[in-house]
1. Give me the pairs, please: first residue somewhere in segment 145-170 and within 12 Å of residue 131 (Cβ to Cβ) and modelled with pLDDT of 95 or more, second residue anywhere and among the basic types (Lys, Arg) and open to solvent by 100 Å² or more (accessible area, probe 1.4 Å), beta-carbon distance under 8 Å, and either six or more positions apart or on two chains.
2. Where residues in segment 126-164 are assigned to a loop (DSSP other than H, G, I, E, B) and open to solvent by less than 70 Å² (accessible area, probe 1.4 Å), which of them is nearest to residue 18 (Cα to Cα)?
3. For segment 63-95, enumerate the residues that are farther than 14 Å from residue 42 by Cβ and in contact with an Asp or Glu (Cβ under 7 Å, 6 or more places away or on another chain).
4. For segment 112-125, which positions are out of contact with any Ser or Thr (no Cβ under 7 Å at 6 or more places or on another chain), modelled with pLDDT of 90 or more and part of a strand (DSSP E or B)?
5. Out of contact with any helix residue (DSSP H, G or I) (no Cβ under 6 Å at 6 or more places or on another chain), under 24 Å from residue 53 (Cα atoms), exposed (fewer than 13 other Cβ atoms within 10 Å of the Cβ) and modelled with pLDDT of 90 or more, is that true of residue 109?
6. Looking at segment 89-103, which of its residues are within 23 Å of residue 57 (Cβ to Cβ) and of a type outside the set (Ser, Thr, Tyr)?
7. Scan segment 66-82 and tell me whether some residue there is modelled with pLDDT of 90 or more, open to solvent by 40 Å² or more (accessible area, probe 1.4 Å) and not aromatic (Phe, Trp, Tyr).
8. Using the structure shown, decide if residue 62 is within 19 Å of the chain's Cα centre (by Cα), surrounded by 11 or more Cβ atoms within 10 Å (Cβ to Cβ), modelled with pLDDT of 70 or more and not acidic (Asp, Glu).
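The values are calculated or read from the model by the stated rules, or taken from the named source; none is laboratory data. Bear in mind the structure is a predicted one, so any value in this text is a computation, not a measurement. So basically every Cβ, Gly included, is an ideal-geometry build from the backbone, and we count neighbours across all protein chains shown. Quick note on the areas: whole protein, heavy atoms, side chains included, nothing else; ligands and nucleic acids left out. Shrake-Rupley method; radii C 1.70, N 1.55, O 1.52, S 1.80 Å.
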Amino acid sequence: MDEVSLGAATVVGELKNGEITEYEIHPEDFGLAMASDRALRGETPERFEDSYEFIAGLDITRLHVFTYSERPNTQALNIDYVVSPQERHERTRRMMALSDRKLSAFINSALGETRPVLFEHTLHGATMHGFTDNYLRVEVDADPLLFNTVVPVQLVKAKGSDDTIIGKLP
């Protein structure tokens, strides 16, 4: 799962022991309120700070951040409090920076571990990429025999330029 909706139920497909199970989760399952146009448009500075601090305290790895914008012919346009475009931009920047810090902390916490990696992507020159069981992107030296296989990989260091970890095969 790569994101959870605050505006509706999220359908989760879980692969475990070769079996796929589908179920729904809801924002309320995590102590979060269902988001609405009203909550997004009318978020005062105090409510934003409360939301920011709450999210900062969650044990999550990254955020899906987007800037809210009005849509013609919606009830949200009737809400009195409007966040200025400049403030929306600043809030988005802060949330993106928080997301970057959370992802960096998650990556760094995994370094030194050996995790199963599924290699299903094509070669990128002398390297190839796969994903761990907890969705960390791993890069190793290219080996076409690894395509569509799961192998243990030691997570050595963060690549630094993106969210990739350099891995070492046994």
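1. Within 8 Å, the pairs are 153/168; 165/157.
2. Top of the filtered list is 134.
3. Looking only at segment 63-95, we keep the residues that are farther than 14 Å from residue 42 by Cβ, and these are 63-67, 69, 71-73, 85-86, 89-90, 92-95.
Of everything in segment 63-95, just one residue is farther than 14 Å from residue 42 by Cβ and in contact with an Asp or Glu (Cβ under 7 Å, 6 or more places away or on another chain), namely 64.
4. Restricting attention to segment 112-125, the residues satisfying the condition of being out of contact with any Ser or Thr (no Cβ under 7 Å at 6 or more places or on another chain) are 112-114, 118, 120-125.
Those still in the list that are modelled with pLDDT of 90 or more too: 112-114, 118.
Across segment 112-125, the qualifying residues are 114, 118.
5. Yes, satisfied.
6. Those that are within 23 Å of residue 57 (Cβ to Cβ) and of a type outside the set (Ser, Thr, Tyr): 90, 91, 93, 94, 95, 96, 97, 98, 100, 101, 102, 103.
7. There is no residue in segment 66-82 that is modelled with pLDDT of 90 or more, open to solvent by 40 Å² or more (accessible area, probe 1.4 Å) and not aromatic (Phe, Trp, Tyr).
8. Criteria met by residue 62.
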